[in-house]
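Notes follow once the structure below has been shown.
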Amino acid sequence: MLGTHHLFGALRRLQLKPRVLVTSTAFVYEPQNRAITEDDTVRPNSPYGTSKLAQEMVAVRAWEDDGIPALVARSFNHVGPRQSPSFVASSIAKQIAEIEAGRRPATLQMGNMESQRDIMDVRDTVRAYRAMMKSATPGIPYNVCSGTPVAIRTLVELLISRARTAIAVEQDAARFRPNDTPLVLGDHRRLTADTGWTPEIRLDKTAADLLSYWRTEIA
């Protein structure tokens, strides 16, 4: 079996130009109280962030040593239909759908609602990945994000406003994270400059589609 180096060499001889997209995360960064750029300090504080940073390092080494054009996407929060309810937006939408179906009391159980996150529709994220495959520069990171902070409270209100029944909100201490970062916000100017990509899908459209998905699933 061909090794990676030999495989890419063979592809180049065939005049093919393979590019590799490495999906990393905003959790490689040290938290900031403003929009994070790719030049900000990298200091992951979780095993997940550390593993993603290690993945990035392998990608950069592959480009520098072997000429394998690895593209590094540091993705912030993205949401949309079919997302696991372990993520906050999908969890809220699923709870609302269950309430509408009479499967649970008409009260949302929430943790901290004051934290702000950079939330983007997953379909815009996929468009960003495609744009990177076409024209991003290998070996350097790109923030894949909306550039807009959204308070979790705002997200809750946006989804509840589309509910078909009255719903109360109750904060559950068990859902609070011990180390919840107040703000996670990205700056996508590098990605936009190098690829022409910008986010297009409004958050209210994302919320409507996510809630529609869970209504179908619960039904």
Is the range 53-71 home to any residue that is touching a residue at least 24 places away in the same chain (Cβ under 8 Å), under 28 Å from T148 (Cβ atoms) and in contact with a Phe, Trp or Tyr (Cβ under 7 Å, 6 or more places away or on another chain)?
no
Does S75 satisfy the criteria of being at pLDDT below 95 and of a type in the set (S, T, N, Q)?
no
Only residues in the range 179-201 that are closer than 18 Å to T37 by Cβ count as the first member; pair them with residues that are surrounded by fewer than 13 Cβ atoms within 10 Å (Cβ to Cβ) and among the β-branched types (V, I, T), Cβ under 6 angstrom, at least 6 apart or cross-chain, and list the lot.
none
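Going through S91, S86 one at a time, which residue ends up being part of a loop (DSSP other than H, G, I, E, B), at pLDDT below 95 and under 30 Å from A219 (Cα atoms)? Spell out the reasoning first.
Numbers: S91 fails: part of a loop (DSSP other than H, G, I, E, B).
Within the list S91, S86, the selection yields S86.
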Is it true that V150 is under 29 Å from N33 (Cβ atoms), surrounded by fewer than 20 Cβ atoms within 10 Å (Cβ to Cβ), under 16 Å from the mean Cα position of the chain (by Cα) and not hydroxyl-bearing (S, T, Y)?
yes
Run down R130, R164, R123, R177 and say which single residue is closer than 30 Å to A59 by Cα, surrounded by fewer than 14 Cβ atoms within 10 Å (Cβ to Cβ) and not aliphatic (A, V, I, L, M).
R130
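Could you grab me the full set of residues in the range 193-203 that are surrounded by fewer than 19 Cβ atoms within 10 Å (Cβ to Cβ) and more than 17 Å from the chain's Cα centre (by Cα)?
To start, the set of residues in the range 193-203 that are surrounded by fewer than 19 Cβ atoms within 10 Å (Cβ to Cβ) comprises 193-194, 196, 198, 200-202.
Correct list: A193, D194, G196.
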Yes/no for E38 being in contact with a helix residue (DSSP H, G or I) (Cβ under 7 Å, 6 or more places away or on another chain) and of a type in the set (D, E)
yes
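The values are calculated or read from the model by the stated rules, or taken from the named source; none is laboratory data. Since the structure is predicted, the reported quantities are computational estimates derived from the model, not experimental observations. Glycine gets a Cβ as well: all are built from the backbone with ideal geometry, and neighbour counts include every protein chain shown.
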